Amino acid sequence: TAVIPNGVEANDFLDLPDKASARRQFGLGPGPVVVYFSRIHPKKGLDILLTALAQAVRRLREVRLLVVGSDNGSGFQPAMQRLAQNLGLADRVTWTGEITGRRKYAALAAGDAYALISHSEGLPVAALEALACGLPAVLTPGCRLPEVAEAGAGFLVPTQPEAVAGRLLELLEQPTRRDS
């Protein structure tokens, strides 16, 4: 028996839009953008990410979050939108719903970092796609991708807003760290 992990198709990442045009597609400004690309579900840690973003905004005022995904009718997305509103982030979070194809890659190309603060994953293909787009990732051990930290492609953090905010700030405030 052999276990062969999921992968991504390299050819999908050959013709990505430039960051500026990708940001225009989603109405994003020039400031740093964190991309959350996953199902909107309690186990995915979007609540923790939103709380971390509220902390990060104190130092990095122009940071934005692009939330790509759907709650599949569970009602969790409206709860997360209320949380964003309560945290004072409503104007900093863009919700796209579920998107596919070239538009999906444009969403990833619009970002400066990818974050998935999941409590449990098999193997998050969206994280692999973000990495293939060149985004550094802030992930949790529950994402089961220790190679990200080992390769210097991002960070593994505990599911605590302070830890997430710290690593996001480290990436977003230091372009050389983010782009290396």
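Points to keep in mind about this one:
- Enumeration of residues in the stretch 98-134 that are among the charged types (D, E, K, R) and either in contact with a helix residue (DSSP H, G or I) (Cβ under 8 Å, 6 or more places away or on another chain) or open to solvent by less than 10 Å² (accessible area, probe 1.4 Å) (or both): Arg103, Lys104, Asp112, Glu121, Glu129
- Residues located in the stretch 5-16, provided they are more than 18 Å from the chain's Cα centre (by Cα) and either buried (at least 16 other Cβ atoms within 10 Å of the Cβ) or more than 15 Å from Leu128 (Cβ to Cβ) (or both): Leu14, Asp15
- The lone exception for Leu89 - which of (1) without any contact (Cβ under 8 Å) to a residue 60 or more places away in the chain; (2) under 18 Å from Ala127 (Cβ atoms); (3) surrounded by 18 or more Cβ atoms within 10 Å (Cβ to Cβ) it fails: (2)
- Selection status of Thr51, among the hydroxyl-bearing types (Ser, Thr, Tyr), over 11 Å from the mean Cα position of the chain (by Cα) and in a helix (DSSP H, G or I): yes
- Residue in the stretch 30-44 that is outside any helix (DSSP H, G or I) and modelled with pLDDT under 95 present: yes
- Among the residues of the stretch 105-112, some residue qualifies, meaning at least one is of a type in the set (Asp, Glu) and either closer than 23 Å to Lys19 by Cα or out of contact with any Lys or Arg (no Cβ under 7 Å at 6 or more places or on another chain) (or both).
The values are calculated or read from the model by the stated rules, or taken from the named source; none is laboratory data. Note that the structure is a prediction, hence the values are computed from the model and not measured. For neighbour counting, all protein chains shown are included, and Cβ atoms are generated from backbone atoms with ideal geometry for every residue, glycine included. The accessibility values were calculated without ligands, DNA or RNA, using every heavy atom of the protein model including side chains. Shrake-Rupley method; radii C 1.70, N 1.55, O 1.52, S 1.80 Å.
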